[in-house]
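Notes to accompany the following structure.
We did not get these values from a lab; they are worked out from the coordinates using the rules stated. Computed from a predicted model, the values in this text were never measured in an experiment. We place every Cβ from the backbone using ideal geometry, glycine too, and count neighbours over all the protein chains shown.
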């Protein structure tokens, strides 16, 4: 790796602060999506867990 490329690479690492508004948007959208899916899926997931635990109690 040439000295110029190495210097440019390290400078980019030091100067990169990220796109804060973009990351905030990604986090908020992901949180909203997970919350919406959880709201829809929670009753079914609860029923699956209850049925599984009831089946395990029936084995004993």
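Hey, got the Cα dimensions of segment 19-59 along the principal axes, in Å, largest first?
Taking the Cα atoms of segment 19-59, the three principal extents are 54, 16, 5 Å.
If each residue of separation counts as 0.36 nm, what is the full-extension length gain between residue 41 and residue 59 once their alpha-carbon separation is subtracted?
3.8 nm
Along the Cα→Cβ direction, 7 angstrom out, place labels at residue 8 and residue 33. What is the inter-label distance in nm?
Those two pseudo-labels are separated by 3.4 nm.
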